[in-house]
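In what follows, a structure is listed as structure tokens, so that the remarks can point back to it.
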Amino acid sequence: MGKRIFLAGASGAIGRRLIPQLLAAGHQVTASTRQAAKAEELRALGADPVVVDVFDAAGLRDAVMAARPQIAIHQLTDLPAGLDPSRMAEAITRNAHVRDEGTRNLVDAAKATGVRRLIAQSIAWAYAPGAEPHAETDPLDSNAEGGRAVS
């Protein structure tokens, strides 16, 4: 039997790909996005879209409560399309803010509404600058600053 799922960050690169898979597995998906323009795209994929800002703790709690999910899935990011190198320096700081405050608000909303399971993906900017793609044998960036240090 399918579950009710709240997919936070559903309009992102991974979230958009999860929706069809979750629906095919029989789940009901409430898909969050911060951009009203992306809500119709989520609806076209078969999800029930909700527009909410993860920095609005009360609004996020209300959105999660209205969805009554059994599971919340965290796909929140703030990275540029294609990881555009010219935009990454500022994006890393914004993404760290989403990962910190946005994650905290999502976890608090899930706990407050009785969600029993939270699934999260994450990312770390762990490698020192150099040729990409990185290999696991590449050195770590032990001198990271700003958003890179937080993530």
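Quick one: count up the residues across region 26-55 that are in contact with an Asp or Glu (Cβ under 9 Å, 6 or more places away or on another chain) and farther than 20 Å from residue 117 by Cα. If you could, list the steps in order and put the result at the bottom.
Going through region 26-55, the residues in contact with an Asp or Glu (Cβ under 9 Å, 6 or more places away or on another chain) turn out to be 28-31, 33-34, 42, 49, 52, 54-55.
Retained after the next criterion (residues that are farther than 20 Å from residue 117 by Cα): 33-34, 42, 49, 52, 55.
Looking only at that region, the number is 6.
In this structure, is residue 31 modelled with pLDDT of 95 or more, part of a loop (DSSP other than H, G, I, E, B) and buried (at least 17 other Cβ atoms within 10 Å of the Cβ)?
Values: modelled with pLDDT of 95 or more: yes; part of a loop (DSSP other than H, G, I, E, B): no; buried (at least 17 other Cβ atoms within 10 Å of the Cβ): yes.
No.
Mind counting the residues in region 61-102 that are in contact (Cβ under 8 Å) with a residue 12 or more places away in the chain and in a loop (DSSP other than H, G, I, E, B)?
Residues flagged as in contact (Cβ under 8 Å) with a residue 12 or more places away in the chain and in a loop (DSSP other than H, G, I, E, B) within region 61-102 amount to 8.
Out of the residues in region 103-122 that are in contact with a helix residue (DSSP H, G or I) (Cβ under 8 Å, 6 or more places away or on another chain) and part of a loop (DSSP other than H, G, I, E, B), which is surrounded by the fewest Cβ atoms within 10 Å (Cβ to Cβ)?
In the first step, residues of region 103-122 are kept if they are in contact with a helix residue (DSSP H, G or I) (Cβ under 8 Å, 6 or more places away or on another chain); the result is 105-106, 108-110, 112-113, 115, 118, 120, 122.
Add one more test, that the residue is part of a loop (DSSP other than H, G, I, E, B), and what stays is 113, 115, 122.
Values: 113: 18, 115: 22, 122: 9.
Across region 103-122, the extreme among qualifying residues is 122.
It is to be established whether one or more residues within region 37-52 are more than 18 Å from residue 16 (Cα to Cα) and not hydrophobic (A, V, I, L, M, F, W, C). Give the steps one after another, and end with the answer.
Going through region 37-52, the residues more than 18 Å from residue 16 (Cα to Cα) turn out to be none.
Checked against the condition, which is being more than 18 Å from residue 16 (Cα to Cα) and not hydrophobic (A, V, I, L, M, F, W, C), region 37-52 yields no hits at all.
Which one is nearest to residue 16 (Cα to Cα) among residues in region 70-111 that are touching a strand residue (DSSP E or B) at 6+ places or on another chain (Cβ under 7 Å) and polar (S, T, N, Q)? Quick ask: steps written out before the conclusion?
Here is the first cut: in region 70-111, the ones touching a strand residue (DSSP E or B) at 6+ places or on another chain (Cβ under 7 Å) are 70-76, 103, 106-107, 110.
Narrowing further to those that are polar (S, T, N, Q): 70, 75, 103.
On the way: 70: 20, 75: 10, 103: 19 Å.
This residue is 75.
Any residue at all in region 59-69 that's farther than 21 Å from residue 13 by Cα, in contact with a strand residue (DSSP E or B) (Cβ under 9 Å, 6 or more places away or on another chain) and surrounded by fewer than 21 Cβ atoms within 10 Å (Cβ to Cβ)?
Yes, some residue in region 59-69 is farther than 21 Å from residue 13 by Cα, in contact with a strand residue (DSSP E or B) (Cβ under 9 Å, 6 or more places away or on another chain) and surrounded by fewer than 21 Cβ atoms within 10 Å (Cβ to Cβ).
Would you check if there is a residue in region 127-146 being in a helix (DSSP H, G or I), farther than 20 Å from residue 14 by Cβ and modelled with pLDDT under 85? I'd like the intermediate steps shown before the answer.
Taking region 127-146 and keeping what is in a helix (DSSP H, G or I), we get 146.
When the remaining residues are screened for being farther than 20 Å from residue 14 by Cβ, the result is 146.
Those left that are additionally modelled with pLDDT under 85: 146.
Looking through region 127-146, at least one residue is in a helix (DSSP H, G or I), farther than 20 Å from residue 14 by Cβ and modelled with pLDDT under 85.
Against the condition touching a helix residue (DSSP H, G or I) at 6+ places or on another chain (Cβ under 8 Å), surrounded by 14 or more Cβ atoms within 10 Å (Cβ to Cβ), farther than 15 Å from residue 12 by Cα and modelled with pLDDT of 85 or more, how does residue 100 come out, does it pass?
Taking the combined requirement at face value, the residue does not satisfy it.
Report, by residue number, each residue of region 15-43 that is polar (S, T, N, Q), out of contact with any Phe, Trp or Tyr (no Cβ under 7 Å at 6 or more places or on another chain) and within 12 Å of residue 3 (Cβ to Cβ).
If the condition is that a residue be polar (S, T, N, Q), out of contact with any Phe, Trp or Tyr (no Cβ under 7 Å at 6 or more places or on another chain) and within 12 Å of residue 3 (Cβ to Cβ), then 28 is the only one that fits.
Those residues that are in a helix (DSSP H, G or I) and either farther than 14 Å from residue 78 by Cα or aliphatic (A, V, I, L, M) (or both), I need them from region 10-28; list them, please. Before you say what the answer is, go through the steps one by one.
So in region 10-28, the residues in a helix (DSSP H, G or I) come out as 15-24.
16, 17, 18, 19, 20, 21, 22, 23, 24 - these are the residues of region 10-28 that are in a helix (DSSP H, G or I) and either farther than 14 Å from residue 78 by Cα or aliphatic (A, V, I, L, M) (or both).
The values are calculated or read from the model by the stated rules, or taken from the named source; none is laboratory data. If you're wondering where the values come from, they're calculated on a predicted model, not measured in any experiment. Note that each Cβ is placed from the backbone with ideal geometry, even for glycine, and that neighbours are counted across all protein chains shown.
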